[in-house]
Each structure stands twice: as structure tokens, then as C-alpha cells.
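Remarks on the structure that follows.
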Amino acid sequence: MSIVRVNVPGGSYPIEIAPNLMQQLATSIPPDTSAILLLSNPTVRQLYGDTALKALKASGKEIYCFDIPDGEQYKNLDTLNEVFTFMLEHKLDRKSVLVALGGGVVGDLGGFAAATFMRGIRFVQVPTTLLAQVDSSVGGKTAVNHPLGKNLLGAFYQPIAVDIDINVLKSLPQREIAAGLAEVIKYGLIMDREFFDWCEEFVEELKALEPQAINYAIHRACELKAQVVEEDEKESNRRMILNFGHTFAHVIENGLGYGEWLHGEAVGCGMVQAAELSALVCNFPQEDVERVRRLVAQIGCPTVAPALGGKDTWFDTMKLDKKASGGKIKFVLLEKIGQAKVQGAPQELLSLVLSKTTSAEVKASKALSSPEVADTASESRQAVTPSVAASEALSTVVDSSEAAAEVARQAQIARDAGAGTGRTGGIYGIDGVRPATDE
């Protein structure tokens, strides 16, 4: 097991990462809990509901189960109100604990329900998609969508624990894995060049969910996010960099209809667009733009966005972005790999980027890569169906306030040792040592 600890004014809590962790959910339930609401969706319930329910019964608390419909299109106020009605009808109170078992939709909506029910109850995140494990379950952002934009209604509200069972990733289709890896790559681009380099070198291991590689990727992504959240819990400044690619991505999701592209697919494409804009605004090297495009394609995400009826649609939707101020659009841009900043961009430069990165040929369920990288990602895209499929020996405790120095040490160990692979940057596991059983 590896643990990343998040320390913020809104609450200090552990992110625990291990195989079979779902069997230990009762350890995250406080002794004074009056009742538990296990919130999920039918797909996840069928896969992991029995395991989670059996584990929670060990707490000795009364447990209620409620499923919300499966899909981003149901992350709205109507569904939230159904959850509230169920909780009220079953007389849950302020000592109740909500356990969100599922991907980003269940976690975001469940967290918002916990934040607002009786002015706030405790909740536990049990993410079952890779994207939720490395991003949405960590940091206390909770929300539902509005017809005019994504995540516009929500609250900053921290969980009391995040329990990440890496074994659940085995049930994910490749499309979900690609969506999660887009968020993993994002952390390297905005904060850690060495981690981005490592993702490039070990992309095939990550796509194959090689246990030590995926464990390290999840751990490092959570560490990096925890660092930013500790500095800026309420996204007043620094935390905005975590939205790299999201200003473009949210337009894609809104324009196509929520659920047509997975959030991570839209983020992957949005990162390519943001990299292109960075080249024009911040002199981000064009060769690094191509590295971003290539890696996004390699993991199986689209690199060309739908035109959505024209540039005016993009401009108008971007003005509703949460980073916008006074109708002026702000972007997370790269000065170099590992260093990001938030700033505006002239509309004429944004227009050039949209001309280069959108196509009317891209439809709701079609991932279109640029010609130079199409062959790289074609195999993974062939397995993608139009519908959105839902899922989803070492013990180290790392306090995120000390994470930067510790991870630098671990990365150096990995580089020195070569991780037993004969390749530099071969980080396997938290200590950088390739297991003796690996061949």
C-alpha cells in the first residue's frame, strides 16, 4: 500500500492506493457514524457492489444503497434531487456518511450531495475509473452540470478518505484507460517534466496496466495534485493550472452533449489545443507541441476536435468557463514542459489554433487524430465503440508537504538503477526498484 496525505484547511485525509483495498472500506468509516449511504450506478454496482457492501457491513452500521443513472448526462440537479429525496425518506442525518463508489460522475455528484445535505455530512471517495483515481476524487471539487456549462454548480468540499483499489482498473475498456491516462500526462506537462518523460517512455506499460507502472503513475499524480490543492484549496490562483486543456475540453463536451466523449478524451484533445496556443502566446517549443500530440494519440485519445458549428460557438462557451473574468477568457498555458501559468490570449491567436485543431469531419463518437500520428493510435481507437462504457508489497506513507523532495530522491534512485530495465527513467514502484519477479 502507498499513501498520499492531503493537508488543507477543509480537512486532512489520506489517499490510500493498493490492490484489493475495497475489501477494507470499513476502516474509513468513523466510529460515530449513524448510517451509511452507498451511492453508485448500476454498472459499477454489478461489478463491485457486493464487495463494497460486504466490506462496509464490517463497520456494524446500517447501510442504504442508491444508484444514479450511468453517464455524464445524468450529472445534473434532477439526479441530485433524487439522491436528496432518498436520503430524507430514509431519515439519514448529520452523522451519516456517504460512500461514493464509481467514476467521476458518482464522485462529483455524491460529493456535492454530501456537501449540501443538512449543510454537510462526511463522505468517502471510492473511485473505480483511472480518471477518477488520479483526478476527480482528489482535492474536494464537487459539482453537477448545467445546460449552459460543465461543473458550474458545486462546492469545494473535502472527503474524509480516498480509497483507490487498483484492481478495479482490470474491468475498464481501453477507452476509459485512455481517458484516465490523459489526466496522468497532464500532471507531467504542468508540474513535472521528468514525470512526463517517464510517461512517454513507459506509455505501453501504462496502457497495459502493468501493476508497478500504473501504481507509480497513480501515486505520483495524486502527490502532484495534493501539492497544488494544499497551496490553493479553493482555486483562487495556483490550482487553476490543474485545468490545463480543460477550457477547450469543456467546450467539446458541452457542444457534443455530455457523455458523447469521455471527459478524459476531451481533456486529451484539449491539451493538444492548449499546447498549440502556448506555442503562439508563450513561445512553447513546437517540437514539444508535437510531443504532446504524439503522446495523446499513443494513449488512444483524439487529437482533433469537432468544429461544433464554428468558432463563435467556441468563443461563447469559453466565456462561461470558471476561469473567465469579466467576459475575458483565461487559459492554462505552458512556458515549457513542467511549467504552466494562467493568462489570457488574443482572440486572433485562439482563432488560428481552432483553425488548426478542429474539423467538421469529427463527429460525436469519432476520434480523429492528425495525419502524422494517426497510425500510432489507430489500433486502440478501433476497439472504441460509440457508447460510453462504465466500469471502472510496499507500504509507504508520503505527506504531500514533503512530497517534492521525496519524489526527487525516488526519481534519482530510479535513474541511477535503471529500474532493472536497461532504460533510463524506468521508475517501477514507489522506490524505483523493479520487482525481482519481473522478467
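Where a number appears in this text, it was derived from the coordinates with a stated rule and is not lab data. The structure displayed is predicted, hence computed values, not measured ones. All Cβ positions, even for glycine, are placed from backbone atoms using ideal geometry, and neighbour counts span all protein chains on display.
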query: Between segment 98-152 and segment 1-52, what is the C-alpha centre distance in whole Å?
result: 13 Å
field: Charge tally in the Cβ shell below 11 Å around Arg45, where Lys, Arg are +1 and Asp, Glu are -1, Arg45 excluded
entry: -3
- prompt: For segment 188-319, what is the charge dipole size about the Cα centre, in debye to the nearest 20, if Lys and Arg each add +1 at the Cβ and Asp and Glu each add -1 at the Cβ?
  reply: 320 debye
- prompt: How far, in nm, would the chain grow between Asn283 and Arg119 when pulled straight, counting 0.36 nm per residue and subtracting the alpha carbon separation?
  reply: 54.4 nm
- prompt: How large is ³J(HN,Hα) for each residue in segment 299-312, as worked out from phi by the Karplus curve 6.51 cos²θ - 1.76 cosθ + 1.60 (θ = phi - 60°), to whole Hz, x for Gly and Pro?
  reply: 6, x, 9, x, 10, 10, 9, x, 5, 6, x, x, 5, 4
- line: For the pair Ser12 and Lys57, the simple spin-label estimate (label points 7 Å beyond Cα toward Cβ) gives in nm 3.6 nm
For Ile68, residues with placed amide H under 5 Å, excluding near neighbours: Ser40, Asn41
- request: Using per-residue counts of other Cβ atoms within 10 Å, averaged over each peptide, order 99-110, 137-148 from highest down.
  value: 99-110, 137-148
- prompt: In µm²/s, what is D for segment 136-192 at 4 °C and 1.567 mPa s, where D = kT/(6 pi eta Rh) by Stokes-Einstein and Rh is the Kirkwood radius from Cα pairs?
  reply: 94 µm²/s
- line: Once Asp93 and Leu77 are pulled to full extension, the length gained, defined as 0.36 nm per residue separation minus their Cα-Cα distance, is 3.7 nm
task: Report, by chain and number, residues whose modeled amide H sits under 5 Å from the one on Thr128, excluding near sequence neighbours (fewer than 5 apart, same chain).
output: Gly102, Gly103
message: Placing unit charges on C-beta atoms (Lys and Arg positive, Asp and Glu negative, everything else neutral), compute the dipole magnitude of segment 102-252 about its Cα centre in debye, rounded to 20.
response: 700 debye
task: Using the Karplus curve 6.51 cos²θ - 1.76 cosθ + 1.60 with θ = phi - 60°, work out ³J(HN,Hα) for each residue of segment 89-106 in order, rounded to whole Hz, and write x for Gly and Pro.
output: 5, 9, 6, 5, 10, 5, 8, 6, 10, 9, 10, 8, 9, x, x, x, 5, 4
query: Viscosity 1.567 mPa s, temperature 4 °C: Stokes-Einstein D of segment 80-119 from its Kirkwood Cα radius, in µm² per second?
result: 125 µm²/s
Charge context of Leu92, other residues only, Cβ under 12 angstrom, K/R +1, D/E -1: +2
statement: With R₀ set to 41 angstrom, the calculated FRET efficiency between the beta-carbons of Asn237 and Asp32, to the nearest 0.05, is 0.70
statement: Once phi for every residue in segment 204-213 is put through the Karplus expression 6.51 cos²θ - 1.76 cosθ + 1.60 (θ = phi - 60°), the whole-Hz ³J(HN,Hα) values, with Gly and Pro written as x, are 5, 5, 5, 5, 7, 6, 4, x, 5, 5
query: How far is it, in nm, from the label point at Asp312 to the one at Leu352 when both lie 7 Å from their Cα along the line to the Cβ?
result: 2.4 nm
